[in-house]
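Asker: Let me begin by handing over the structure; questions about it come next.
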Amino acid sequence: MVAGAAIIGIIAGLCAVPLVRWLPRGIPERLEQPAWTRRLGHPFVLVGVGACVAVALAMAAVSTQGLLFGLVLLVVLLPAVAIDVAWRVVPDSLLLVGTVGCLLLLIVGFRDDLITHLLVTVAAGVLALLVALAARGGVGLGDVKLIALIGLALGAALPMAFVVTALVSGVAVVPILLARGRRATLPLVPFLAVGALVASTGLGRGLLFGL
């Protein structure tokens, strides 16, 4: 299982290389960040991170279901993180791929959970949209749609993803603001990615109950 996950991670990294380069070009809302931020889109980085995260998911996942949904999220989040860091956008095409992948998994392998995951998707999307409206630009529609996708993948584990996201972002925001100033725009996708992937393994449950 670990070897298979590693192969999937490597393939996800290889596929992410052209996506990171091409997808932002078609989004007029993109906000170009400093040149160093595009280093996350380097092939060695994408392939290496993809393989390492996939192996970590395989080793940490407490269920096959969690691992499968975690790998689907990895395929989407790997290029999404690199694009968000460099351009502050989340391509709809990535979200569509993730949505189709999650729906296929639910229909084919986990049909009993389909309704629960759909309800969580709607709730997550509505909540994220309300937060985006209140934030007045601090949270984009791409982030809203990504949160809905994470809800589709995680179902009832979504609150765990939010807890991990909040903890990670809380630690990272201060040094980012100190380094770049109050006017710096913060990429939300990397924090959401950590929260979603940790929650998919089931480790988020232990973290949540351990607080």
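Computed from the coordinates by the stated procedures, all read-outs in this text should not be read as laboratory data. Here the structure is a predicted model, which means the values were calculated and not measured. In this analysis, Cβ positions are derived from the backbone assuming ideal geometry, glycine residues included, and neighbour counts consider all displayed protein chains.
Asker: Anyone know which of Arg111, Arg38, Arg136 comes out most mobile in the 10 Å Cα GNM of the chain?
Answerer: Looking only at Arg111, Arg38, Arg136, the largest GNM fluctuation is found for Arg136.
Asker: Under a 10 Å cutoff between Cα atoms, tell me which one of Leu167, Leu23, Leu77 has the largest fluctuation in the Gaussian network model of the chain.
Answerer: Leu167
Asker: Which percent of Cα pairs goes in each bin when the distances of segment 2-210 are cut into 10 angstrom slices starting at zero?
Answerer: Going from the shortest bin to the longest, the percentages are 9, 35, 39, 15, 1.
Asker: Once label points are set 7 Å from the Cα along Cα→Cβ at both Ala156 and Ala35, what is their separation, rounded to one decimal in nm?
Answerer: 5.2
Asker: Could I ask something else about it? By count of other Cβ within 10 Å, fewest leading, how are Ser169, Ser200, Ser63 ordered?
Answerer: Numbers: Ser169 17, Ser200 30, Ser63 11.
Fewest-to-most ranking of Ser169, Ser200, Ser63: Ser63, Ser169, Ser200.
Asker: For each of Asp143, Asp112, Asp84, Asp92, count neighbouring Cβ atoms within 10 Å of the residue's Cβ, then give the residues from fewest to most.
Answerer: Working: Asp143 22, Asp112 8, Asp84 28, Asp92 15.
Fewest to most other Cβ atoms nearby, the residues stand as Asp112, Asp92, Asp143, Asp84.
Asker: Note the full-extension length gain between Ser63 and Ala172 as 0.36 nm times their separation in residues minus their Cα-Cα distance, in nm to one decimal. Display every interim value, and only then the final one.
Answerer: On the way: separation 109, 0.36 × 109 = 39.24 nm, distance 2.97 nm.
Length gained, Ser63 through Ala172: 36.3 nm.
Asker: Same structure again: Cut-off 10 angstrom, C-alpha nodes, Gaussian network model of the chain. Which of Val131, Val20, Val164 fluctuates the most?
Answerer: Checking each option, the largest mean-square fluctuation is seen for Val131.
Asker: Below 14 angstrom from the Cβ of Thr121, what's the summed charge of the other residues (Lys, Arg +1; Asp, Glu -1)?
Answerer: Around Thr121, the surrounding residues sum to 0.
Asker: Now for a separate question. Mind sorting Leu129, Leu19 by how few other Cβ atoms lie within 10 Å of their own Cβ, fewest first? Could you put the intermediate results ahead of the total?
Answerer: On the way: Leu129 16, Leu19 20.
With the sparsest Cβ surroundings first, the list reads Leu129, Leu19.
Asker: Fully extended, how many nm does the chain gain between Ala134 and Asp92 (0.36 nm per residue separation, minus their Cα-Cα distance)? Show your work: numbers first, answer last.
Answerer: Numbers: separation 42, 0.36 × 42 = 15.12 nm, distance 2.24 nm.
Contour length minus the Cα-Cα distance gives 12.9 nm.
Asker: Can you give me the relative contact order of segment 2-210 as a percent, contacts being Cα pairs under 8 Å and 6 or more apart?
Answerer: Details: 297 pairs, mean separation 50.2, N = 209.
Averaging sequence separation for qualifying contacts and normalising by length gives 24 percent for segment 2-210.
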